[in-house]
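Structure, as structure tokens:
The values are calculated or read from the model by the stated rules, or taken from the named source; none is laboratory data. These numbers come from a predicted model, not from an experiment. Because the Cβ atoms are built from the backbone with ideal geometry, glycine has one as well, and the counts that use them run over all protein chains shown.
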Amino acid sequence: MDPEPHYLFLNILLSIQFNPLSSGIIIGLLMILILLIGSALISGSEVAFFSLNPSQLNKIREMDGKHFDRVGHLLKNPEKLLATILISNNFINVSIVIISTYVTTSLINFQEEPFWAFFTQVVTVTFLLLLFGEIIPKLYANHNALKFSVHMAAPLFILSKMFSPLSSFLIYSTSFVNRRLRTKKSNLTMDDLSEAIDLTTGVVHEEKKILKSIVKFTNIEVNEIMMPRMRVVAVDINSKLSSLFETLKESGHSRIPVYSETLDTIKGILYVKDLLPYIEENDDFRWQDLIRPSYFVPGAKKINVLLQEFREKKIHLAIVVDEYGGTEGIVSLEDILEEIVGEIADESEAIVKLYTKIDDNNYVFDAKVLLIDFYKTLMIQEDVFEKERGDSDTLGGLILEVTGDIPSMNDVVKIGKFKFTILSVDKRKINKLKITLI
């Protein structure tokens, strides 16, 4: 008959023999205690330093310049700081394991029960390290990040100097692995994704167009989709109310820029809904008080970033400016959304056809058509005119970049596999083009 479990456990305890305390065991226990405190401080530092916010850093600056200099120096190179913390913590934990093994084997005789010797050492050391070396200090540091980081700045500064060669090697090896992985990941290009969408079965043509637009969405800049300066409808800030209503009626826009003297001096945006309660007022009415602040963006901004800014600021229109602060054009929320879902026409908006298809190889385009819309119409790569286009965003601008001058009627310009024939031109700009695919 097998003995009961509690009798078995009692027999095991009775078989364990404790050796008398020696100076070596006492020193070992003290070292374990000191190292455990060190492990707790180092582990807590990881949470404290990487959870500091700007307001806490300002408090450190006000507290003592020396502390702020040390904390700032450590946070200036977060990879090195993390490497220093990990190296220090691993050295301490390994030391605790080695010393605890020595103390356990010296204090307790497990010769008859080797399994229980291993079990006791592993469970005890793991419990101590997890509870006192990781969990408690990290919980404390999370709620006292400011105090913890200030007190640990000097020790970590010294440790970072001590372990500098080893931490530098770890950072280099990590970055090398990251570069290798990034290189492998970057093999999949936007063109590959577009081709994969084309090969997808069970998806209708319009859905494929939307999916391909989403894929290319993050690579489109504002100046590629904006309404250029020449087509912007705006009002002078000194206009009378009656003149303002005429402009609004003709344009049909719900928001309109207001300028002073020239379009380069935009004073704000007028919302038609703000003006409606005063529709019966006379010309002496100060409609200028209804102008809202304008939002300016550079032409090189990505439209996915601008979309996020529109959402956060709850606005629908932005003024696009060049490097000198001059007005390049305007961009609206509708312009951005059209890059995904296609042309959005209002019920009151007249449909203007900007191109005519003659046959599969010949088209007639309005010169003011944006290049990005031209690419979509002919379903060609968006970098086909990358070398020739310069800063131009329209078909007419592309021809002017190539010729360097305003061409004459029936002039022919060849760019790659495309032949452009000038159908209509005036003294200032190109109006219509015939495009032939060679």
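Where helices (runs of 4 or more DSSP H) sit wholly within the stretch 351-438, those with at least 1 residues that are in contact with a Ser or Thr (Cβ under 9 Å, 6 or more places away or on another chain) and crowded, with 17+ Cβ neighbours inside 10 Å occupy 371-378, 395-403. Of all residues in the stretch 221-236, exactly one satisfies the criterion of being modelled with pLDDT of 90 or more and of a type in the set (Val, Ile, Thr), namely 235.
Just for helices (runs of 4 or more DSSP H) wholly inside the stretch 43-158: which have at least 2 residues that are under 30 Å from residue 20 (Cα atoms) and modelled with pLDDT under 85? Break it down stepwise before answering.
Details: elements: 54-63, 65-76, 78-107, 114-130, 136-143.
In the stretch 43-158, 78-107, 114-130 are the helices (runs of 4 or more DSSP H) which contain 2 or more residues that are under 30 Å from residue 20 (Cα atoms) and modelled with pLDDT under 85.
Every condition in (1) modelled with pLDDT under 70; (2) farther than 28 Å from residue 395 by Cβ; (3) surrounded by 13 or more Cβ atoms within 10 Å (Cβ to Cβ) holds for residue 254 except the one numbered (1). Count of the stretch 276-310 residues, restricted to those that are in a helix (DSSP H, G or I), within 15 Å of residue 248 (Cβ to Cβ) and under 37 Å from the mean Cα position of the chain (by Cα), is 1. Restricting the first member to the stretch 153-176 and to residues that are surrounded by 15 or more Cβ atoms within 10 Å (Cβ to Cβ), and the second to residues that are of a type in the set (Phe, Trp, Tyr) and in a helix (DSSP H, G or I), the beta-carbon pairs closer than 8 Å and six or more apart or on different chains are 156/49. Within the stretch 175-196, can one find any residue that is more than 25 Å from the chain's Cα centre (by Cα) and modelled with pLDDT under 80? Looking for residues that are more than 25 Å from the chain's Cα centre (by Cα) and modelled with pLDDT under 80, one finds at least one in the stretch 175-196, hence yes. Looking only at residues in the stretch 262-290 that are within 17 Å of residue 231 (Cα to Cα) and of a type outside the set (A, V, I, L, M, F, W, C), the one that is surrounded by the most Cβ atoms within 10 Å (Cβ to Cβ) is 264.
For the stretch 291-305, the candidate set comprises residues that are surrounded by 16 or more Cβ atoms within 10 Å (Cβ to Cβ) and out of contact with any strand residue (DSSP E or B) (no Cβ under 6 Å at 6 or more places or on another chain); within that set, the residue that is modelled with the lowest pLDDT is 303.
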